[in-house]
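Right, one structure below, let's go through it.
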Amino acid sequence: MTTVSGSDILRYIPHRFENILVDNCYPVETISEDKVVGRHNVRIQRGETLGRDLFLRQFREGEYILLNSFIAEILALSAIINAGGVDSDSIAFFAAITKFKVEGHLPESKQWEGVIKKVSDKGGFYRFNGLLSYESAKGSCDIMAFYMKKDQITDTSDDEKVELPTLEIKKYIEPFAFKHPSMMAVSHLRGIETELYSCMCSYQYPEDHELVKGHFPDEPVMMGVMQWMMVEDAVLVWAKETQKKGQFTVECDAKILSTDGRSVCDIQKIVCQVYQGVEGILDQAELLETKKVAFRSRVKPGDELLICLKINS
């Protein structure tokens, strides 16, 4: 791979259009046949022509930082480029994110530096390890991906179903002030402190969502990291409903289900930081750690999801 930047990156990831989250990729270093290292960078700021400020959140008044789950998305896109790109008749799917950990905040208008290593390529599955950083702030994770021909993509309607929990209420949740409304990934509270779960929320992925165009053309599906981001929103809803105040961490597990009982996503051993009523900081929750995110089923525009949150501490 040679150094690529700007519109040239679209040769490697043709489906992302204006939402491409990598600015430059540098030549890779081959360690062995299966182990390759690539480097990349990205700078996002409000008002840019690409409109990537969707991926920022406001921490304090006038202070914007990257939404933590999109660290994994940036690393995933770099991984695709590092692996040689996507053929026009194929789509890259990410099956799992593991060992996710964030320290500090990646600020807008600064150049974040990344490194991605292909750990293995076996049986059509790729495994990558990545790091994105700016000064002392950093986020890292492992990513598992596979490629599929567009004409081989199958429907998941026949997948094994699970029993849906009882939904006690349907309370509309006002959009949070700290991020763009389109990045709000829950819309209604469906249960709080129930027999099985600490909090349940629902969300319908809009058919006209701003990310539909680039994920994917002719086969639109909800980004996996947006499903994962539902955890942050549900944790903040739980904190508000149970009137938890201050700055504190929450440890939890989560399941995302479709309304017909399919398992969409399983998320294990999550650590979230919550800011609720903290002077100078907008109310919000941010992912700090996740042991594993396993994506089970595709979510199409118009589909409704239920996130079931179990607070462990």
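The values are calculated or read from the model by the stated rules, or taken from the named source; none is laboratory data. Every value quoted in this text rests on a predicted model; they were computed, and no experiment measured them. Heads up, the Cβs are rebuilt from the backbone with ideal geometry, glycines too, and the neighbour counts pull from every protein chain shown.
Structure values in brief
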read-out: Tally of residues being in a loop (DSSP other than H, G, I, E, B) and buried (at least 16 other Cβ atoms within 10 Å of the Cβ) across region 80-106; value: 5
read-out: Residue check, Cys265 of a type outside the set (Asp, Glu) and under 15 Å from Ala239 (Cα atoms); value: no
read-out: Considering residues of region 265-292 that are among the β-branched types (Val, Ile, Thr), over 14 Å from the mean Cα position of the chain (by Cα) and closer than 23 Å to Glu73 by Cα only, the residue surrounded by the fewest Cβ atoms within 10 Å (Cβ to Cβ); value: Val271
read-out: Any hit, region 68-77, residues being at pLDDT 90 or above, buried (at least 21 other Cβ atoms within 10 Å of the Cβ), of a type in the set (S, T, N, Q) and not assigned by TED's automatic domain parsing to the domain that holds Met184; value: yes
read-out: Condition met for Glu174 (part of a loop (DSSP other than H, G, I, E, B) and touching a residue at least 12 places away in the same chain (Cβ under 8 Å)); value: no
read-out: In region 107-130, residue surrounded by the fewest Cβ atoms within 10 Å (Cβ to Cβ) [restricted to those that are in a strand (DSSP E or B) and of a type in the set (Gly, Ala, Ser)]; value: Ser120
read-out: Subset of region 141-163 [at pLDDT 80 or above, surrounded by 14 or more Cβ atoms within 10 Å (Cβ to Cβ) and either assigned to a loop (DSSP other than H, G, I, E, B) or acidic (Asp, Glu) (or both)]; value: Asp142
